[in-house]
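Below: the structure, in structure tokens.
Bear in mind that the values in this text are calculations on the coordinates, not laboratory data. Every value quoted in this text rests on a predicted model; they were computed, and no experiment measured them. Cβ placement follows ideal geometry from the backbone for every residue including glycine, while neighbour counts extend to all protein chains displayed.
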């Protein structure tokens, strides 16, 4: 079973036992049962048997531990050698991987820089072309407006001339009528 799920279940059980009134009652029941079991004569006898066995075996276990401790430097030396060799291999692999990553990073950075320069040149060319088109169009519009302005001025001068002539004709007709009219005495 997954240790995380087991730990979660134990936490929920402990929370239930300690956190609720029903849980507290259940805790008291379990505690009483555990105390009763601990004080059971058969359990007391088994505890004493285990204690006496441990006392008998302690010197033997001590001798074995001392022998293992004496052998430990040789074992530790072998383990240290293997660890050092493994560390050296790992360091070499890490170094190779780092060099490879650095090379790929440099190549990618160069590609990005080249693409950025190419894109900037394209944008610059398009901007220059657009500016030229705008300048040419503005020149065309200005020329058209100049021609229209000249035409309007010519039309205004012609209209003003016609109006002057009409006004002069009216004035000369009025002078002619004045000559034909009897003069007061």
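For residue 74, are the conditions met, namely being part of a helix (DSSP H, G or I) and loosely packed, with under 10 Cβ neighbours inside 10 Å? Considered against the rule, which asks whether it is part of a helix (DSSP H, G or I) and loosely packed, with under 10 Cβ neighbours inside 10 Å, residue 74 comes out as yes.
Scanning region 1-41 for residues that are outside any helix (DSSP H, G or I) and surrounded by 10 or more Cβ atoms within 10 Å (Cβ to Cβ) gives 20, 40.
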